[in-house]
Amino acid sequence: MRLSIRNQLDATILSVSRGEAMAAVKARIASGQELTAAITRESADDLQLVAGQPVTMLVKSTDVALATGTVGDVSIRNQLPGRITSLTGGAAMTTLKVAVDGGAALTAVVTNDAVNDLDLSEGDEVIALVKATEVSVAVE
């Protein structure tokens, strides 16, 4: 199966915490960073997710936000530091490639206003932010 989701990160599950309706899946991506997905318990059970299992963590590029400095107190679980490697501007949105510390790569799509307000350019250090509810889990 091929997917339109640009960010497909190979990972190994560290833990699965199942609640009544939701499950938190913590995984380590190849770069060594941890990524958390909040999925339904039913999905976690259907996929038979367990610690040690290889998975692919999926994140739409429009679900990746960028920060240019320390992020303080915030509920967003996934905070991946990296460096912008390219920017491709469009009429309203800009596509940014981010090399995550440790070797992974992410694509973020943000408004041109955000790029201008943050004065983003190639080589800038950023923190990629992704809410756990915006991360999906795929298995073979």
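The values are calculated or read from the model by the stated rules, or taken from the named source; none is laboratory data. Predicted model only: the values in this text are computed from it and were never measured. Methodologically, a virtual Cβ is constructed for each residue, glycine included, from the backbone with ideal geometry; neighbour enumeration extends over all protein chains shown.
Candidates Asn112, Asn78, Asn116: the one that is surrounded by 18 or more Cβ atoms within 10 Å (Cβ to Cβ) and either without any contact (Cβ under 8 Å) to a residue 40 or more places away in the chain or not aromatic (Phe, Trp, Tyr) (or both) is Asn78.
For beta carbons closer than 6 Å, sequence separation of 6+ or different chains, a first residue in the stretch 84-103 that is touching a residue at least 24 places away in the same chain (Cβ under 8 Å) and a second that is of a type in the set (D, E, K, R) and part of a strand (DSSP E or B), the qualifying pairs are Thr85/Lys97; Ser86/Lys97.
So in the stretch 52-65, with the set limited to residues that are over 17 Å from Val110 (Cα atoms) and over 9 Å from the mean Cα position of the chain (by Cα), which one is surrounded by the fewest Cβ atoms within 10 Å (Cβ to Cβ)? The qualifying residue surrounded by the fewest Cβ atoms within 10 Å (Cβ to Cβ) is Gly52. Only one entry in Thr36, Thr40, Thr56 is farther than 19 Å from Asp119 by Cα, touching a Lys or Arg at 6+ places or on another chain (Cβ under 6 Å) and of a type outside the set (Lys, Arg), namely Thr36. For the stretch 66-101, the tally of residues that are among the acidic types (Asp, Glu) and more than 15 Å from the chain's Cα centre (by Cα) stands at 1.
Residue by residue, here is whether (1) out of contact with any Gly (no Cβ under 7 Å at 6 or more places or on another chain); (2) at pLDDT 95 or above; (3) outside any helix (DSSP H, G or I) holds:
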| position | (1), (2), (3) |
| --- | --- |
| Gly103 | yes, no, yes |
| Val109 | yes, yes, yes |
| Asn116 | yes, yes, no |
| Ala128 | no, yes, yes |
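Restricting Arg28, Arg6, Arg41 to residues that are touching a residue at least 24 places away in the same chain (Cβ under 8 Å) and surrounded by 13 or more Cβ atoms within 10 Å (Cβ to Cβ) narrows the list to Arg6.
Could you grab me the full set of residues in the stretch 1-38 that are touching a Ser or Thr at 6+ places or on another chain (Cβ under 8 Å) and β-branched (Val, Ile, Thr)?
Ile5, Val25
Here is a check on your reading of the model: is Val71 modelled with pLDDT under 95 and either hydrophobic (A, V, I, L, M, F, W, C) or surrounded by fewer than 13 Cβ atoms within 10 Å (Cβ to Cβ) (or both)? The answer is yes for Val71.
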